[in-house]
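A quick write-up on the structure given underneath.
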Amino acid sequence: MSFPLLTVTAAVPAVGAVVTAALPAATSAATRRTPKTVALAFSAVTLVLAAVMTARFDPGGKRYQLTESYTWIKSFGISFSLGVDGIGVVLALLTAVLVPLVMLASWGDADPEDPHSFEGRRRTQGFFALILAVEAMVLVSFLSTDVFLFYVFFEAMLIPMYFLIGGFGDRAGGPEAARQRSYAAVKFLLYNLVGGLVMLAAVIGLYMLTARAHLGSGGGGTFDLATITNAVSSGKLSYAPAAEKALFLGFFFAFAVKAPLWPLHTWLPNAMGESTAGTAVLITAVVDKVGTFAMLRFCLGLFPDASRYFAPAILVLSVVGIIYGALLAVGQKDIKRLIAYASISHFGFIIMGIFAMTTQGQSGATLYMVNHGISTAALMLVAGFLISRRGSRLIADFGGVQKVAPVLAGTFLVGGLATLSLPGLAPFVSEFLVLVGTFTRYPAIGIVATVGIVLAALYVLVLYQRTMTGPVKESVSKMPDLRVREVAVVAPLIALLLLLGIYPKPVADIVNPAVTATMADVHRTDSKPAHPAADQSWFSYTSLDSHGGEAK
Amino acid sequence: MNALIPVLVAAPLAGAALLLLGGRRLDAFGHWLGVVASTASFVAGAVLFFDMLGRSTADRPVHQHLFSWVPVGGFRADVGFQLDQLSITFVLLITGVGSLIHLYSVGYMAHDERRRRFFGYLNLFLAAMLLLVLADNYLLLYVGWEGVGLASYLLIGFWQHKPSAATAAKKAFLVNRVGDVGLSIAIMLMFTQFGSFAFGPVFGTAHTASEGKLTAIGLMLLLAACGKSAQVPLQSWLGDAMEGPTPVSALIHAATMVTAGVYLITRSAAIFNLAPDAQLVVVCVGAVTLMFGAIVGCAKDDIKKALAGSTMSQIGYMVLAAGLGPIGYAFAIMHLVTHGFFKAGLFLGAGSVMHGMDDEVNMRHYGGLRKYMPVTFVTFGLGYLAIIGFPGLSGFWSKDRIIEAAFAKGGTEGWILGGVALLGAAITAFYMTRVMIMTFFGEKRWQPNAEGHEPHPHESPSVMTLPMVVLAIGSVFAGGLFALNNAFLHWLEPITGHSEGNAPLGSLTISGLTLLCVAVGVAWSWAVYGRQPVPAVAPVGSALTRAARRDLLQDDFNHAVLVRPGEYLTRGLVYGDTKGLDGFVNGLAATIGGLSSRMRRMQNGFVRSYALSMFGGAAVLVATTLLMRSV
């Protein structure tokens, strides 16, 4: 048996979480740094492993690679099975890239106000251990090829997330903020638990159908994704239409809460607004991606007919979400809630790309997940730096920051421009692919979605104008510019935004074969152009005659 | 030789990167770095131009594929450049005028502490604009298209401590974004029709698509052009854009970026030629904007805003010409180039006047400046003669051909368009004479500035006057040179095509009529502003004048129709989202009751209790798996 790379990759942050949590309480300023350093080291090792995983992944090879499988609960056909396809591998890498940067950005966010109090002694350990726990669970979710295994970790990550949201806020606001925070955490948990319970019912239902079709090794049921997908496409497992629709909705509901899709989004602005900027990035850039990822992998793969059946309805919800999220972002007074609503708009784009069921839509959606992760991290983390300097999240409390902190303002602008999908930066590529992919099949929906492009410019530029330009407000006049640590967080993100905007081909090459396989799962092919240009090369271009005709 | 093509874009891009990332240590000489980067691009452009000149017509267009950009299924976007007669014309205009304005800015921005950043943005603009005109497909063009929008945003808002500048910058970007949506829909339509959005395949296959689809593509491209080129109904940003430093107004909002819409329409000739309905809309937009800008230009007392109205109007001429199809493409571009010279010159002159007058922009507070600023007066005066179409100067040759082409459209349309173009010429003469008289003639109406200092107008340093002189020379001779043996027409004809149309009037008759209109405009303006003293405070004026001062109520209209309903909608939604959708969930949480307070107690930062909860969660999961056994 070869080296279990995937298991180790997911295990390193899990071990890191335990080690960090077990570190003794700090006694001096120097030892107070220890848990952070240890946690960062574990996340760095995870990044290296994820990079190795990506390097060893062969885009032209089998659909699931680096597979490992260990029997877990034999009687139910549940196994601890991991494997990556092109979609999973880029999202796992994204997670591994973002977590160390989030830690670095949150360096001081969990420092106890009174390190000697009983409450404060282990606070830092808790925060960083929870981040590593989330990372481990998210990685298993991206790598899992067993439906039940996925479900367990999909649900389990709610627990550390709940404590991250409820236990650690940014330093903006007094006792009222603590109350808001616990409300946000409970709301997050309730929404996602309800989604998860519905999914659990569907998971069990699916198992019973596989058992009836004797798909399992012992003639019983199975949770193995590839086995079920193959059985569905070969007709060995045929659902009753109503049953397939019900199971699809069960899965989709859970993912749509997590993603989140309008109108199931209302937990997100609270959770992102009240938690620290680092936690907000974990929510929107990492945890929520599990939802959209799972739509691609599980909804489409397991229930192709139902996916096609519900696609138009989901597209309508997603395009409503695009515009609704953007309009609400325009109306926000709180910087972090504004970014949260912008994310809701962006999740609309991702879900639209997935259910447009075209190659461009799904590759675009996958790239969108990656690019949205990077761009939101850039914008939100810089917003966090800004907020912690002023002690307020309200847009109206800022003004003229550009003058006193030009580097902070500049990086904030780049993050904003990425959020509005400026060409040349990564999100443009994915957003345009999603739009094109939707337009080729549903032109009206594609055109309505372009309204989101204009609104994105509105909420980003209004935010920038109100916080960064104009006369310098008294309250920000002493604001220091970005520190070296903060620049070290933002610089890699901006470099990635540029790199993936100018040369996204390497990532697209990894994602494309996986999308082709997903398209085959749902029996969909791209629509052909109405009048295909015979030869796409430049050399077929002969100069035009004056009346626009063409030498035949 | 083709290896030089990427240098055109790379040189200013490298300059921008250096200047924006280099930090304070570049402050001392950063501006010269910017000038060098821009000039390097110009030299490369000139070398490529002469190289192209040496080849036969058929061999002139060259194409360079650099790398595959976004390959997804049938969607193939590449990064590749197309250098042909049309794009090299733009390259020379952009880098030539661009380098002169870089040089001018060395003097104009000398006292600005953020001068290095200013040059970084200017270089960024050049790189984006060159990408726009060199791209070999619409998606790459889109990158340049929004890139110049970004540079324009950064430069309009360069003095962003002024709220008016920050607002103007945001407005420009937003209005342009509306146009950009048109470009993206056009690209999507091309992809569904032709499976490609690269120039070659699209133009080669355009004739196979239905006229309806081509009309849709054409109208979407026109929407994009309206945004970038400040054409009605997306014109409202250009006047406000004058908040930017004057070199920016000269380069971006007069000579180059705002003409990108004309480039887009001309480049897409193969589509528009097959979509006569779209062309009709194009000429209507051009004709309406031509009058709109001219009327606004007559009423403004701010010298830059008067010139901005003029820019809109002149681009209206170009769009009109481009909408005429092969009759007009070459003349649209010819007017674009001559306009680039004289309008950039006029703006630099205006900047020089402001430089000498303590940044005063109100022409009612100028007067009699010709004695104090002789070089500015002469160069501005030559630009003035060129724009009104004084016989023999640049504007005469290019505008005259557009008016001829408008008549040559034939039929009633031809008469209407020709009539509008003639009327526009008269109004141009009126408002430009007004600017000239109010600024350089008459009595001094100088006002003390905010600190009570009387202005002491003085000539600008030679680093500023030199570019003005060069542009004045271009304003005088460029048009004649282009018109000589129809050189410019023959140069562009292989790309844009050409047909003569059927003019109902002889070319001499039209020239005569044009000159008559110009003379009437000048005389009328002199009668109003030259024969009697100009009041230092604007008179109330007629209803039309008052509307024109408010840009023909464009902002009032946009506010009433878009902004205010939008605000109500947003506020309503925000309220609904927290009270409606959220209220439902709150109710749910309330029924669960004590749960939340109990949970609150658990968020205490104790790792111990977290671990306990996690253990509890795991226990629940295990219990679930066990329970399933009995299912």
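On the basis of being in contact with a helix residue (DSSP H, G or I) (Cβ under 9 Å, 6 or more places away or on another chain), more than 19 Å from residue A:284 (Cα to Cα) and within 14 Å of another protein chain (Cβ to nearest Cβ), does residue A:199 make the cut?
yes
Kindly indicate whether any position in region A:397-405 is open to solvent by 10 Å² or more (accessible area, probe 1.4 Å), more than 14 Å from chain B (Cβ to nearest Cβ) and more than 23 Å from residue A:142 (Cα to Cα). Show your work before the answer.
Initially, region A:397-405 is screened for residues open to solvent by 10 Å² or more (accessible area, probe 1.4 Å), giving A:397, A:402-404.
Among the residues that remain, those that are also more than 14 Å from chain B (Cβ to nearest Cβ) are: A:397.
Now narrow it down to the ones that are more than 23 Å from residue A:142 (Cα to Cα): A:397.
Within region A:397-405, one or more residues are open to solvent by 10 Å² or more (accessible area, probe 1.4 Å), more than 14 Å from chain B (Cβ to nearest Cβ) and more than 23 Å from residue A:142 (Cα to Cα).
If only one of B:527, B:519, B:478, B:483 is farther than 29 Å from residue B:358 by Cβ, without any contact (Cβ under 8 Å) to a residue 12 or more places away in the chain and in a helix (DSSP H, G or I), which one is it?
On the way: B:519 fails: without any contact (Cβ under 8 Å) to a residue 12 or more places away in the chain; B:478 fails: without any contact (Cβ under 8 Å) to a residue 12 or more places away in the chain; B:483 fails: without any contact (Cβ under 8 Å) to a residue 12 or more places away in the chain.
Only one candidate passes the filter, namely B:527.
Looking at A:173, A:167, which one is small (Gly, Ala, Ser), over 20 Å from the mean Cα position of the chain (by Cα), surrounded by fewer than 21 Cβ atoms within 10 Å (Cβ to Cβ) and modelled with pLDDT under 85?
Numbers: A:167 fails: surrounded by fewer than 21 Cβ atoms within 10 Å (Cβ to Cβ).
None of the other options fit; the residue is A:173.
Can you find, within region A:406-443, the residue that is nearest to the other protein chains (Cβ to nearest Cβ) among those that are part of a helix (DSSP H, G or I) and among the polar types (S, T, N, Q)?
Residues of region A:406-443 that are part of a helix (DSSP H, G or I), as a first pass: A:406-419, A:426-441, A:443.
Subsequent filtering for residues that are among the polar types (S, T, N, Q) retains A:411, A:419, A:430, A:438, A:440.
Values: A:411: 12, A:419: 13, A:430: 9, A:438: 9, A:440: 5 Å.
For region A:406-443, the residue satisfying everything is A:440.
For residues that are at the interface with chain A (Cβ under 9 Å from one of its Cβ atoms) and either touching a Pro at 6+ places or on another chain (Cβ under 8 Å) or not polar (S, T, N, Q) (or both), tally how many sit in region B:153-170. Give the steps one after another, and end with the answer.
Filtering region B:153-170 for residues at the interface with chain A (Cβ under 9 Å from one of its Cβ atoms) gives B:153-154, B:157, B:160-163, B:165-167, B:169-170.
Next, only the ones that are either touching a Pro at 6+ places or on another chain (Cβ under 8 Å) or not polar (S, T, N, Q) (or both) stay: B:153-154, B:157, B:161-163, B:165-166, B:169-170.
Within region B:153-170, residues that are at the interface with chain A (Cβ under 9 Å from one of its Cβ atoms) and either touching a Pro at 6+ places or on another chain (Cβ under 8 Å) or not polar (S, T, N, Q) (or both) number 10.
Out of all the residues in region B:215-234, is one or more free of Cβ contacts under 8 Å to residues at least 60 places away in the same chain, in contact with a helix residue (DSSP H, G or I) (Cβ under 9 Å, 6 or more places away or on another chain) and at the interface with chain A (Cβ under 8 Å from one of its Cβ atoms)?
no
Using the structure shown, decide if residue A:361 is within 30 Å of residue A:234 (Cα to Cα) and either at pLDDT below 95 or crowded, with 24+ Cβ neighbours inside 10 Å (or both). Give the derivation first.
Numbers: within 30 Å of residue A:234 (Cα to Cα): yes; either at pLDDT below 95 or crowded, with 24+ Cβ neighbours inside 10 Å (or both): yes.
So residue A:361 fits the description; yes.
Exactly one of (1) more than 11 Å from every other protein chain (Cβ to nearest Cβ); (2) hydrophobic (A, V, I, L, M, F, W, C); (3) crowded, with 24+ Cβ neighbours inside 10 Å is unmet by residue A:326. Its number?
Of (1) more than 11 Å from every other protein chain (Cβ to nearest Cβ); (2) hydrophobic (A, V, I, L, M, F, W, C); (3) crowded, with 24+ Cβ neighbours inside 10 Å, only one is false for residue A:326: (1).
Of all the helices (runs of 4 or more DSSP H) wholly in region B:4-119, which have at least 1 residues that are open to solvent by 40 Å² or more (accessible area, probe 1.4 Å) and modelled with pLDDT under 95? Walk me through it before giving the result.
Working: elements: B:4-21, B:30-53, B:85-108.
The qualifying helices (runs of 4 or more DSSP H) are B:4-21, B:30-53.
Residues to consider are B:483, B:478, B:450, B:503; find the one that is more than 31 Å from the chain's Cα centre (by Cα) and buried (at least 18 other Cβ atoms within 10 Å of the Cβ). Steps first, answer last, please.
Values: B:483 fails: more than 31 Å from the chain's Cα centre (by Cα); B:478 fails: more than 31 Å from the chain's Cα centre (by Cα); B:450 fails: buried (at least 18 other Cβ atoms within 10 Å of the Cβ).
Sole residue among the options that is more than 31 Å from the chain's Cα centre (by Cα) and buried (at least 18 other Cβ atoms within 10 Å of the Cβ): B:503.
Checking the structure you have, find out if any residue of region A:15-23 is open to solvent by 50 Å² or more (accessible area, probe 1.4 Å), farther than 17 Å from residue A:94 by Cα and of a type in the set (Ser, Thr, Tyr). Before the answer, list the steps.
Just the residues of region A:15-23 that are open to solvent by 50 Å² or more (accessible area, probe 1.4 Å), to begin with: A:15, A:18-19, A:22.
Subsequent filtering for residues that are farther than 17 Å from residue A:94 by Cα retains A:15, A:18-19, A:22.
When the remaining residues are screened for being of a type in the set (Ser, Thr, Tyr), the result is none.
So far as region A:15-23 goes, no, none of its residues is open to solvent by 50 Å² or more (accessible area, probe 1.4 Å), farther than 17 Å from residue A:94 by Cα and of a type in the set (Ser, Thr, Tyr).
Kindly evaluate residue B:404 against the criterion of being out of contact with any strand residue (DSSP E or B) (no Cβ under 6 Å at 6 or more places or on another chain), surrounded by fewer than 19 Cβ atoms within 10 Å (Cβ to Cβ), among the acidic types (Asp, Glu) and closer than 30 Å to residue B:502 by Cβ. Spell out the reasoning first.
Numbers: out of contact with any strand residue (DSSP E or B) (no Cβ under 6 Å at 6 or more places or on another chain): yes; surrounded by fewer than 19 Cβ atoms within 10 Å (Cβ to Cβ): no; among the acidic types (Asp, Glu): yes; closer than 30 Å to residue B:502 by Cβ: yes.
Here the answer is no, as residue B:404 does not meet what is asked.
Residues of region A:222-243 being open to solvent by less than 80 Å² (accessible area, probe 1.4 Å), closer than 16 Å to residue A:307 by Cα and in a helix (DSSP H, G or I), which ones?
Within region A:222-243, A:228, A:229, A:232, A:233, A:242, A:243 qualify.
Residues are listed down the side, and each one gets a yes or a no for (1) under 22 Å from the mean Cα position of the chain (by Cα); (2) farther than 30 Å from residue A:367 by Cα; (3) open to solvent by less than 50 Å² (accessible area, probe 1.4 Å); (4) within 12 Å of chain B (Cβ to nearest Cβ):
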residue	(1), (2), (3), (4)
A:464	no, no, yes, yes
A:473	no, yes, no, yes
A:483	no, yes, no, no
A:487	no, no, no, yes
A:497	yes, no, yes, no
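Output the residues belonging to region A:207-221 that are in contact with a His (Cβ under 9 Å, 6 or more places away or on another chain) and surrounded by 20 or more Cβ atoms within 10 Å (Cβ to Cβ). Lay out the reasoning, then the answer.
Taking region A:207-221 and keeping what is in contact with a His (Cβ under 9 Å, 6 or more places away or on another chain), we get A:220-221.
Once the filter is applied, which keeps residues that are in contact with a His (Cβ under 9 Å, 6 or more places away or on another chain) and surrounded by 20 or more Cβ atoms within 10 Å (Cβ to Cβ), region A:207-221 yields only A:221.
Residues A:340, A:378: which one is within 13 Å of chain B (Cβ to nearest Cβ) and in a helix (DSSP H, G or I)? Even if it seems obvious, please write down each step before you answer.
Details: A:378 fails: within 13 Å of chain B (Cβ to nearest Cβ).
So the residue among A:340, A:378 that is within 13 Å of chain B (Cβ to nearest Cβ) and in a helix (DSSP H, G or I) is A:340.
In region B:197-221, how many are open to solvent by 10 Å² or more (accessible area, probe 1.4 Å) and either within 21 Å of residue B:315 (Cβ to Cβ) or polar (S, T, N, Q) (or both)?
Of the residues in that region, 6 qualify.
Identify, please: which residue in region A:245-275 is within 19 Å of residue A:311 (Cβ to Cβ) and assigned to a loop (DSSP other than H, G, I, E, B) and is, among those, farthest from the other protein chains (Cβ to nearest Cβ)?
Here the residue is A:259.
Is it the case that residue A:447 is facing another protein chain (nearest Cβ under 8 Å) and closer than 28 Å to residue A:400 by Cα? Outline the logic, then answer.
On the way: facing another protein chain (nearest Cβ under 8 Å): yes; closer than 28 Å to residue A:400 by Cα: no.
No, not satisfied.
Report whether or not residue B:149 is more than 14 Å from the chain's Cα centre (by Cα) and either assigned to a helix (DSSP H, G or I) or at pLDDT below 95 (or both). Steps first, answer last, please.
Details: more than 14 Å from the chain's Cα centre (by Cα): no; either assigned to a helix (DSSP H, G or I) or at pLDDT below 95 (or both): yes.
Judged against the criteria, residue B:149 is not a match.
Within region B:532-546, how many residues turn out to be small (Gly, Ala, Ser), surrounded by 12 or more Cβ atoms within 10 Å (Cβ to Cβ) and over 18 Å from residue B:447 (Cα atoms)?
Residues in region B:532-546 being small (Gly, Ala, Ser), surrounded by 12 or more Cβ atoms within 10 Å (Cβ to Cβ) and over 18 Å from residue B:447 (Cα atoms): 1 in total.
For region A:193-206, what are the residues that are open to solvent by less than 30 Å² (accessible area, probe 1.4 Å) and under 23 Å from residue A:80 (Cβ atoms)?
Narrowing region A:193-206 to residues open to solvent by less than 30 Å² (accessible area, probe 1.4 Å): A:195-196, A:199-200, A:202-203, A:205-206.
A:196, A:199, A:200, A:202, A:203, A:205, A:206 - these are the residues of region A:193-206 that are open to solvent by less than 30 Å² (accessible area, probe 1.4 Å) and under 23 Å from residue A:80 (Cβ atoms).
Considering only residues that are more than 29 Å from residue B:563 (Cβ to Cβ) and facing chain A (nearest Cβ under 7 Å), which ones fall in region B:178-197? Step through it out loud before you land on a result.
Filtering region B:178-197 for residues more than 29 Å from residue B:563 (Cβ to Cβ) gives B:189-197.
Selection gives B:191, B:192, B:193, B:194, B:195, B:196.
The values are calculated or read from the model by the stated rules, or taken from the named source; none is laboratory data. Keep in mind it's a predicted model, so treat the numbers as computed, not measured. Virtual Cβ from ideal backbone geometry, glycine too; neighbours counted across all protein chains shown. Ligands, DNA and RNA are stripped out before the accessible areas are found, and what is left, the full protein with its side chains, is counted by its heavy atoms. Shrake-Rupley method; radii C 1.70, N 1.55, O 1.52, S 1.80 Å.
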